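Asks: Sharing a structure here in structure tokens format.
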Amino acid sequence: MRINISQRKIKDPFVAKVQELSGQNLLACYQCGKCSAGCPAVSQMDILPNQIIRYAQLGLKDELLQSKSIWICASCMTCNARCPKGINIAEVIEAIRQILLRKREDYLKIEELSDEEKTKLPPIAMVSSMRKFTS
Amino acid sequence: MKICYYPGCTLKNNAKNFEESALCSLNSIGVEVEELPRWNCCGTVFSLATDDLIHHVAPIRNLIRVKESNTDRVMTLCAMCYNTLKRANERVKADSESLDKINQFMYREEIDYEGDVKILHFLELLRDEIKFENISKKVTKLLKNLKVANYYGCLLVRPKEIGLDDVENPTILENLMTALGADSIDFPYKTECCGAYQTVNNLEIIAERTYHILTSAQSQGAEIVTVSCPLCAFNLDHRQKETVQKYPEFKNIPILYFTQLLAIALGCPEESLRFDLNYIDPKPILKEKGLI
């Protein structure tokens, strides 16, 4: 995959928005990769957690907003617990999700679930999924 | 001892086996439980976005209810409620401006919240106040020769400031099971995420996680896996159906709430164990061990 980086992208308001919503300093990351090494979801991810931070530093907005990874993360907080720089990676991923959700771009389509599934799922699953994946 | 209890949504239906076994155990230990009046949703997940105050209203409103019950602490069973209530509480304690805004939003409440409620998990009550050695003395049926792997998942231990035990290697459940006479099995997946709410629209992930978590426990000789979260319970127990479809060599293993084993050890009647809500039937292994 070819990725173009530019001053224009680095200065995109997207970077500041991610920092603001997550409350994290993206530039604190020194790419040790510990977050990705411990992440139980990496097998399903297209951009790994340490790469998400790098992409966010560089303002690679389109790549991040279109990535599968931001929806695969279940906020299990393993990355946060292990980051030697104290960055809350799960919060950064949440911030990227929020940027889409606040434009009403929902990830979960409740109407696509069968009645059988909806009946079977406990409320804790339905409500948490809606909280994370819908606006 | 009397304790205020916050149940949460799932404890009242799919996880009745969690609630009823815990309440029977508390009764056996001599703890009086009073359910929090007019409780509402805990918020389910703690809002991670810095500006998202509206989603802290639900947990904080519950803490107002606790104060209205003339107490300053509340016990949960569900790991998710524990985490969300405790994190929201810590958040407003550290940020008076947010607390003011949330209180203003709830202007029709009779009292303001002041950050002075303590959120306690049932396991903390057992470990720190009742103490495991005193529970041992109340055991009428030792869980002898039962090999139990204890699964913590995420919410009891992370983040570190909220967790009730070591963030990487918690042992509270193992210590409880040992106090009940069971053989506690250690396994490396005990704090690995089960996939949580991905169970709604991404079953592939859940089947993969369930497979890795449970086969890891089985490779260490586990006969039963305990859980403390209704969402973990659903994924590790009910989703074994999908796990077998994806991994035909997978062998089913019963998943029990730790309170179900506690209730057995304390001599609670079988009706309070509500095995009808467990997907993989635990009765054969429990009968084999002479426990039911």
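Where a number appears in this text, it was derived from the coordinates with a stated rule and is not lab data. Just so it is clear, the structure is predicted and the values come from calculations on it, not from any experiment. Because the Cβ atoms are built from the backbone with ideal geometry, glycine has one as well, and the counts that use them run over all protein chains shown.
Asks: Run through every distinct alpha carbon pair of the protein assembly as shown and return the Kirkwood hydrodynamic radius in angstroms, one decimal place.
Replies: Evaluated over the protein assembly as shown, this radius sits at 22.4 Å.
Asks: Continuing with the same structure: What is the percent of Cα-Cα separations in chain B that go past 29 Å?
Replies: Of all Cα-Cα pairs in chain B, 34 percent lie more than 29 Å apart.
Asks: While we're here: Going by the alpha-carbon gyration tensor, a ≥ b ≥ c the square roots of its eigenvalues, is chain A rounded (a/c under 1.5) or, if a/c is not under 1.5, prolate (a/b greater than b/c) versus oblate?
Replies: prolate
Asks: Now a separate question. Between B:THR171 and A:LYS103, with labels modelled 7 Å along Cα→Cβ, what's the label distance in nm to one decimal, could you check?
Replies: With each label placed 7 Å out from Cα toward Cβ, I get 5.1 nm.
Asks: Please arrange B:VAL139, B:VAL227, A:VAL42 by how many other C-beta atoms lie within 10 Å of their C-beta, fewest to most.
Replies: The most exposed by this proxy come first: A:VAL42, B:VAL139, B:VAL227.
Asks: Turning to a different aspect of this structure: Provide, in order from the shortest bin, the percent of all Cα-Cα pairs of region B:158-215 in each 5 Å bin, continuing until the bin that contains the maximum pair distance.
Replies: So the P(r) values, bin by bin, are 4, 17, 19, 18, 20, 15, 6, 1.
Asks: Could you check the spin-label model distance between B:GLU68 and B:LYS251? Points 7 Å from the Cα along Cα→Cβ, value in nm.
Replies: So the two model labels end up 5.3 nm from each other.
Asks: Is the shape of region B:241-292 best called rounded, prolate or oblate, per the rule: a/c under 1.5 gives rounded, else a/b larger than b/c gives prolate, else oblate, with a ≥ b ≥ c the square roots of the Cα gyration tensor eigenvalues?
Replies: Prolate, because a/c is 1.5 or more and a/b exceeds b/c.
Asks: Considering only B:ILE213, B:ILE162, B:ILE54, give the residue with the highest GNM mean-square fluctuation for chain B, with springs between Cα atoms whenever their separation is below 10 Å.
Replies: In this elastic network of chain B, the residue with the biggest mean-square fluctuation among B:ILE213, B:ILE162, B:ILE54 is B:ILE54.
Asks: Normalised radius of gyration for region A:36-110, please: alpha carbon Rg relative to 2.2 N^0.38 Å, two decimal places.
Replies: Taking N as the residue count of region A:36-110, the ratio is 1.05.
Asks: If you keep only loop residues by DSSP, which chymotrypsin sites (Phe, Trp or Tyr not before Pro) in region A:44-125 have at most 16 other Cβ atoms within 10 Å of their Cβ?
Replies: Filter output for region A:44-125: A:TYR107.
Asks: OK, next. Counting each DSSP H run of 4 or more residues in the protein assembly as shown as -39500 (n - 2.57), what helix-only mean residue ellipticity at 222 nm follows after dividing by all residues, to the nearest 500 deg cm²/dmol?
Replies: Using -39500 (n - 2.57) per qualifying helix, the result is -12000 deg cm²/dmol.
Asks: Within a 10 angstrom radius of each residue's Cβ in B:167-174, how many Cβ atoms of other chains show up on average? Whole number is fine.
Replies: 1
Asks: Assuming a ≥ b ≥ c are the square roots of the Cα gyration tensor eigenvalues, decide whether region B:204-250 counts as rounded (a/c under 1.5), prolate (otherwise, with a/b larger than b/c) or oblate.
Replies: Oblate, because a/c is 1.5 or more while a/b does not exceed b/c.
Asks: Translational diffusion coefficient of region B:25-153 at 4 °C, 1.567 mPa s, Stokes-Einstein with Kirkwood Rh over Cα pairs, in µm²/s as a whole number.
Replies: Answer, rounded: 79 µm²/s.
Asks: Here is a follow-up. Looking at chain A, which Cys residues are left with no other cysteine's beta carbon under 4.7 Å from theirs?
Replies: Taking the Cβ cut-off of 4.7 Å, the unpaired cysteines of chain A are A:CYS29, A:CYS32, A:CYS39, A:CYS73, A:CYS83.
Asks: Along the positive direction of the dipole of chain B (beta-carbon charges: Lys, Arg +1; Asp, Glu -1; about the Cα centre), which of B:LEU291, B:THR191, B:VAL66 reaches farthest?
Replies: Of the options given, the answer is B:LEU291.
Asks: What three numbers, in Å, describe the spread of the alpha carbons of region B:140-292 along their principal axes, ordered from the longest?
Replies: 42, 38, 27
Asks: I'd like the orientation of helix B:96-105 relative to chain B: the angle between its Cα long axis and the longest Cα principal axis, in ° from 0 to 90, rounded to 10.
Replies: Helix B:96-105 sits at roughly 80 degrees to that axis.
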